[in-house]
Amino acid sequence: MSQPRRWLGIEIRHLAALQAVAETRSFVAAGAQLGYSQSAISLQIAALERAAGTQLLERPGGRRPVSLTPAGEQVMRHAHRIVDQLRATEADLAALASGHAGVVSLGTFTTASRHLLPVALQILRATHPALEVSLDDVGHPDQPARLAAGQTDLAVGLLPFDGPFVIRELLSDPYVFIAAAGADAPRRLPTVAQLAELPLISWQRPPFAIEALLRSHGHEPLVRLRTDDSNTVQRLVRRGLGVAVLPRLAIDLPDPEITAVDADSLLAARRVVLARNRDRRLTPAADALAQAILTAAEQYRMAAG
């Protein structure tokens, strides 16, 4: 029997079993996660390995964790795609059955929400006053997986944004060095060595772009405070409690109490994109929101110069 025909007997439960084992690194834990016995998980993995004609899991025995073989990693990559397609189908059918054609779920992240969404939603209200937008503001690292699984209809994120998506670039988001305004404020961007001597206000969660840059040059950053609230960062900088190097979207400029200097010679700008799942058909409501976001991004680019 040829290899392709062997795969015709594979079911979603077999792929789900492989996913669960890969995530938990245990047949027992995978069974508990899916509501199967350990022996049922073993049978499903065995069926996958027969179809593949090779071993998909390393089984060291005892209590040592199970791991994927190179062949298992390849199958897992396709398994994720297949399961995500089914979830996307489920999301489309659920929306159709509920009749909520006027509800759109948008994945986004805080700094993009502050500058793009108010304008986009204002545009949308003028043309689609009854449309409801649900924001999924979990941060850009989690958005690709949620979009692929059909948990959101659209997502605003940062490159790289990998997966089964159609991508539209919205804008470039350069980094900016900020310090309290005044006679002592630097008029030029400090060098890496000079930055290493300054008290730094930074974010709590990645990306820590400026910190990584300093460490790559052999300097340990002098971080004085961490917060993910960009407004708080800006207020602390105004008080002279430290300096910061943040994306332009994270800062409200112009600010008379802040001196801002472009940091593009130190750090590459972030690239903000709008993504949709290519396996899902956009509803008219989602398409309207997408167009409003594109217009808002264009207005932001023009205002930023």
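The values are calculated or read from the model by the stated rules, or taken from the named source; none is laboratory data. Note that the structure is predicted; figures quoted are calculated from it, not measured. No Cβ is skipped: glycine too gets one built from the backbone with ideal geometry, and neighbour counts run over all protein chains shown.
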Scanning for something within 24 Å of Asp252 (Cα to Cα), of a type in the set (A, V, I, L, M, F, W, C) and either touching a Ser or Thr at 6+ places or on another chain (Cβ under 7 Å) or loosely packed, with under 15 Cβ neighbours inside 10 Å (or both), does segment 184-197 turn up at least one residue?
yes
Looking only at residues that are surrounded by fewer than 15 Cβ atoms within 10 Å (Cβ to Cβ) and out of contact with any strand residue (DSSP E or B) (no Cβ under 8 Å at 6 or more places or on another chain) in segment 208-227, which one is farthest from Phe177 (Cα to Cα)?
Gly218
Top-ranked residue of segment 276-305 - restricted to ones that are without any contact (Cβ under 8 Å) to a residue 60 or more places away in the chain and of a type in the set (D, E, K, R), ranked as surrounded by the fewest Cβ atoms within 10 Å (Cβ to Cβ):
Glu298
Among Ile82, Ile12, Ile41, which is over 30 Å from Arg278 (Cα atoms) and not polar (S, T, N, Q)?
Ile41
Tally time: how many residues in segment 130-150 are β-branched (Val, Ile, Thr) and surrounded by 19 or more Cβ atoms within 10 Å (Cβ to Cβ)?
1
Working carefully through the options Leu253, Leu213, Leu249, find the one that is in contact with an Asp or Glu (Cβ under 6 Å, 6 or more places away or on another chain) and either modelled with pLDDT under 95 or assigned to a helix (DSSP H, G or I) (or both).
Leu249
Could you please let me know if Asp153 is crowded, with 17+ Cβ neighbours inside 10 Å and modelled with pLDDT under 80?
no
Just one of (1) buried (at least 19 other Cβ atoms within 10 Å of the Cβ); (2) aliphatic (A, V, I, L, M); (3) at pLDDT 95 or above trips up Ile167, so point out which.
(1)
Please determine whether any residue of segment 27-49 is among the acidic types (Asp, Glu), part of a helix (DSSP H, G or I) and in contact with a helix residue (DSSP H, G or I) (Cβ under 8 Å, 6 or more places away or on another chain).
no
At least 2 residues that are more than 22 Å from the chain's Cα centre (by Cα) and over 27 Å from Ile258 (Cα atoms) in each: list the helices (runs of 4 or more DSSP H) lying fully within segment 108-208 that qualify.
117-127
Hey, can you tell me all the residues within segment 239-271 that are within 27 Å of the chain's Cα centre (by Cα) and of a type in the set (S, T, N, Q)?
Ser265
Going by what's in this entry, would Ser230 be described as among the hydroxyl-bearing types (Ser, Thr, Tyr), at pLDDT 90 or above, within 16 Å of Tyr175 (Cβ to Cβ) and surrounded by fewer than 20 Cβ atoms within 10 Å (Cβ to Cβ)?
no
Taking first residues from segment 29-47 that are in contact (Cβ under 8 Å) with a residue 60 or more places away in the chain and at positive phi and second residues anywhere that are not hydroxyl-bearing (Ser, Thr, Tyr) and not in a helix (DSSP H, G or I), the pairs with Cβ under 8 Å that are 6 or more apart or on different chains are none
